[in-house]
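The values are calculated or read from the model by the stated rules, or taken from the named source; none is laboratory data. These numbers come from a predicted model, not from an experiment. Note that we place each Cβ from the backbone using ideal geometry, even for glycine, and neighbour counts take in every protein chain shown.
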Amino acid sequence: MVAGIPILATVFQQLDADAAMTPCLPEGAWTDAGATLAVVRGAAAAVLAGERVALNFVQRLSGIATLTRRAVDAVQGTAARITHTRKTTPGLRELELYAVRTGGGVENRASLAAAVLWKDNHWTLVTQAGQSLAGALRAAPRGLPVIVEVESDAQLEAALAAGVTHLLVDNQPPERVAAWAQRAGRAVTIQASGGITVDVVRAYAQAGASLIAIGALTHSAPAAPIRCDIDAGS
């Protein structure tokens, strides 16, 4: 799946203001090996200087989009949506999340500022302080979504009692996701995550996870094999 073609023009125009790029395939196109993605015209020195940077971007983003599309295809026919995590390359998060969306994934929180994210360490701290989840969440900033990770039946019940409507079920088998989704009801979003791969993602979708976060989309997607060939006669 093609992603990142507009970046080609940006890279080469930084080196040659007269460089021009003509896309041969649209963003999000699924293509076979051997296809021409774009044609760049510019000074030879600029093309050679920018070649590796341009390819690194497009290979990386196309690899992410391709893996995302495979996950999206794997849950086709279910209500589940594929999303990303915050496990991104420093400095490249916006581009990598763009590639996930290009592959058919949906936007999730891009940073800790986007939602109140309550995870295992927060459970530990509030327990040690003798407080409750409900009490801690009352101090949360108004207007921000609240996402609470649950790892046990007790935590599930505490989250539901506190009125949480978005549960993060991390590193749990599909069977447990199914049981907790049934207990939570349709009004609660169940987000599954933790080592989920394309091979098993459908099982989580069928278990009742409406949002499936896959860290591998951005931290382990294989780069697409793309090369730059110069046609000196054109």
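Being among the polar types (S, T, N, Q) and in a helix (DSSP H, G or I) is a property that Thr218 has.
The rows are residues; the columns are (1) exposed (fewer than 13 other Cβ atoms within 10 Å of the Cβ); (2) modelled with pLDDT under 90; (3) within 30 Å of Ile7 (Cα to Cα).
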| residue | (1), (2), (3) |
| --- | --- |
| Tyr98 | no, no, yes |
| Ser111 | yes, yes, yes |
| Ala158 | no, no, no |
| Arg186 | yes, no, no |
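Of all residue pairs spaced 6 or more apart or on separate chains, those with beta-carbon atoms under 6 Å, a first member in the range 205-222 that is more than 17 Å from Pro173 (Cβ to Cβ) and a second member that is of a type in the set (Lys, Arg) and at pLDDT 95 or above are Leu211/Arg81. Residues that are closer than 14 Å to Gly215 by Cα, in contact with a Ser or Thr (Cβ under 8 Å, 6 or more places away or on another chain), surrounded by 15 or more Cβ atoms within 10 Å (Cβ to Cβ) and not basic (Lys, Arg) within the range 68-95 comprise Thr68, Ile82, His84, Thr85, Thr88, listed in sequence order. Scanning the range 67-75 for any residue that is part of a loop (DSSP other than H, G, I, E, B), without any contact (Cβ under 8 Å) to a residue 12 or more places away in the chain and under 24 Å from the mean Cα position of the chain (by Cα) turns up nothing.
Consider the range 201-223. How many of its residues are hydroxyl-bearing (Ser, Thr, Tyr) and within 17 Å of Ala187 (Cα to Cα)? Steps first, please.
Going residue by residue through the range 201-223, those that are hydroxyl-bearing (Ser, Thr, Tyr) are 204, 210, 218, 220.
Retained after the next criterion (residues that are within 17 Å of Ala187 (Cα to Cα)): 210.
Qualifying residue count for the region: 1.
Scanning the range 10-48 for residues that are buried (at least 17 other Cβ atoms within 10 Å of the Cβ) and in a strand (DSSP E or B) turns up Met21, Ala38, Val40. Looking at (1) in the same structural domain as Ala110 (by TED's automatic domain parsing); (2) among the small types (Gly, Ala, Ser); (3) part of a helix (DSSP H, G or I), which is the only condition Ala79 fails? Status for Ala79: all satisfied but (3). For Val106, the conditions (1) at pLDDT 90 or above; (2) crowded, with 17+ Cβ neighbours inside 10 Å; (3) under 19 Å from the mean Cα position of the chain (by Cα) are fulfilled apart from (2). Residue pairs whose Cβ atoms lie under 9 Å apart, separated by 6 or more positions or on different chains, with the first residue in the range 119-131 and within 16 Å of Ala159 (Cβ to Cβ) and of a type in the set (A, V, I, L, M) and the second surrounded by 11 or more Cβ atoms within 10 Å (Cβ to Cβ) and modelled with pLDDT of 90 or more, are Val126/Trp118.
Let's see how each residue does on (1) in contact with a Lys or Arg (Cβ under 9 Å, 6 or more places away or on another chain); (2) among the β-branched types (Val, Ile, Thr); (3) touching a residue at least 60 places away in the same chain (Cβ under 8 Å):
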site	(1), (2), (3)
Glu27	no, no, yes
Leu37	no, no, yes
Arg52	no, no, no
Val58	no, yes, yes
Gly63	no, no, yes
Tyr98	no, no, yes
Glu107	yes, no, no
Ala113	no, no, no
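Considering only residues in the range 123-171 that are polar (S, T, N, Q) and assigned to a helix (DSSP H, G or I), the one that is farthest from Gln182 (Cα to Cα) turns out to be Gln128.
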